[in-house]
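S.K.: Please find one structure pasted underneath; my questions will follow.
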Amino acid sequence: MARYRTYKNGIYGHRYKGLYIIKAEKGNFSVVDENNDIILESLYDYDDCEWAIDKELATEEELTIMQNLYSKEIFQLSSLFVELMQKREREGLDEKEKKLYAFVEKVRKRKADDRKF
């Protein structure tokens, strides 16, 4: 779980990719920009906020990758995840592979929790 703090602009929350995740009413979360304007609201938990921000800020290519990964079964994602982990330990990953690694990790976790795209 992220550590919340008060930023210079007065927002109390956690910064993720240029946006802020804040605790809202009734235990839900919201995503706001630096001007405290609500971008997304009524999200169930912190992971959903990160996922929503990832989708919101993703390029068309990244969205296609995310959708393709989401269409795979969990054992296929696990296999790809292991391949990327082994390659990372052996020779390192380039920038594109690092993004793929992060997407595989998030999609695999979401599918294991039976969450929607």
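S.K.: Which ³J(HN,Hα) values, rounded to whole Hz and listed in residue order, are derived for the range 79-94 from phi using the Karplus coefficients 6.51, -1.76 and 1.60 in 6.51 cos²θ - 1.76 cosθ + 1.60 with θ = phi - 60°, glycine and proline given as x?
M.R.: Karplus-based 3J(HN,Hα) across the range 79-94 equals 5, 4, 4, 5, 4, 5, 5, 5, 5, 4, 6, 6, 10, x, 10, 7 Hz.
S.K.: By how many degrees, between 0 and 90 and to the nearest 10, does the Cα long axis of helix 46-57 differ from the longest principal axis of the chain?
M.R.: The angle comes out at about 80 degrees.
S.K.: Let me ask you something else. His14: net charge of surrounding residues, Cβ under 9 Å, Lys/Arg +1, Asp/Glu -1, itself excluded?
M.R.: Numbers: positive: Arg3, Arg5, Arg15; negative: none.
Around His14, the surrounding residues sum to +3.
S.K.: Would you compute, from DSSP H runs of 4+ residues alone, the mean residue ellipticity of the chain at 222 nm, taking -39500 (n - 2.57) per run and dividing by the full residue count, rounded to the nearest 500? Could you put the intermediate results ahead of the total?
M.R.: Details: 4 runs with 59 residues, N = 117.
Counting only the DSSP helices, I get -16500 deg cm²/dmol.
S.K.: Let me ask something additional. 7 Å from Cα along Cα→Cβ at both Lys98 and Ile38: what's the point-to-point distance in nm?
M.R.: So the two model labels end up 3.5 nm from each other.
S.K.: Let me ask something else. 7 Å from Cα along Cα→Cβ at both Thr59 and Asp47: what's the point-to-point distance in nm?
M.R.: 2.8 nm
S.K.: Another one. Towards the positive end of the charge dipole of the chain, with charges on Cβ (+1 Lys, Arg; -1 Asp, Glu), say which of Phe103, Tyr20, Val82 has the farthest Cα.
M.R.: It is Val82.
S.K.: Order by neighbour count: Thr64, Thr59, fewest other Cβ atoms within 10 Å first, most last. Write out the running numbers ahead of the final one.
M.R.: Numbers: Thr64 11, Thr59 8.
Placing the least packed residue first, the sequence is Thr59, Thr64.
S.K.: Give a quick list of trypsin sites (Lys or Arg not before Pro) in the range 30-117 that DSSP marks as loop, anything other than H, G, I, E or B, with at most 16 other Cβ atoms within 10 Å.
M.R.: Working: sites: Lys55, Lys72, Lys87, Arg88, Arg90, Lys96, Lys98, Lys99, Lys106, Arg108, Lys109, Arg110, Lys111, Arg115, Lys116; in loops: Lys72, Arg115, Lys116.
Those that pass, being in a loop and sparsely packed, are Lys72, Arg115, Lys116.
S.K.: Using θ = phi - 60° and the Karplus relation 6.51 cos²θ - 1.76 cosθ + 1.60, list the HN-Hα couplings for the range 100-106 in order, rounded to whole Hz, with x at every Gly or Pro.
M.R.: Karplus-based 3J(HN,Hα) across the range 100-106 equals 4, 4, 5, 5, 4, 4, 5 Hz.
S.K.: For the chain, what's the relative contact order in percent, using C-alpha pairs closer than 8 Å and at least 6 residues apart? Don't skip to the answer; put the middle values down first.
M.R.: Details: 112 pairs, mean separation 16.8, N = 117.
Over the chain, the number comes to 14 percent.
S.K.: Among the listed pairs Lys17/Lys55; Lys17/Lys106; Lys72/Lys109; Lys87/Lys116, give every one whose C-alpha distance is greater than 20 Å. All intermediate terms of the calculation are to be shown ahead of the outcome.
M.R.: On the way: Lys17/Lys55 12 Å; Lys17/Lys106 15 Å; Lys72/Lys109 13 Å; Lys87/Lys116 29 Å.
Those over the limit are Lys87/Lys116.
S.K.: May I ask for the net charge around Ala112, where only other residues with Cβ less than 13 Å from the Cβ of Ala112 are counted and Lys, Arg are +1 while Asp, Glu are -1?
M.R.: Working: positive: Lys72, Lys106, Arg108, Lys109, Arg110, Lys111, Arg115; negative: Asp47, Glu73, Glu105, Asp113, Asp114.
Summing Lys/Arg as +1 and Asp/Glu as -1 gives +2.
S.K.: For the range 61-77, just list the computed ³J(HN,Hα) in residue order, Karplus coefficients 6.51, -1.76 and 1.60, θ = phi - 60°, integers in Hz, with x standing in for Gly and Pro.
M.R.: These are the phi-based 3J(HN,Hα) values: 5, 5, 4, 5, 4, 4, 5, 5, 5, 5, 7, 7, 6, 5, 5, 5, 5 Hz.
S.K.: On to the next question. Kindly state, to the nearest 0.05, the FRET efficiency for Ile74 paired with Phe117, given R0 = 22 Å and r defined as their beta-carbon distance. Intermediate values should be presented prior to the final figure.
M.R.: Working: r = 14 Å, r/R0 = 0.64.
It comes out at approximately 0.95.
S.K.: Hey, in the GNM for the chain with a 10 angstrom Cα cutoff, which one of Ser30, Ser42, Ser79 fluctuates hardest?
M.R.: Highest fluctuation among the options: Ser79.
Any read-out appearing in this document is the output of simple, stated calculations on the displayed coordinates, not a laboratory observation. Keep in mind the model is a prediction, meaning the values are calculated, not measured. Don't worry about glycine lacking a Cβ; one is built from the backbone with ideal geometry, like all the others, and counts go over all protein chains shown.
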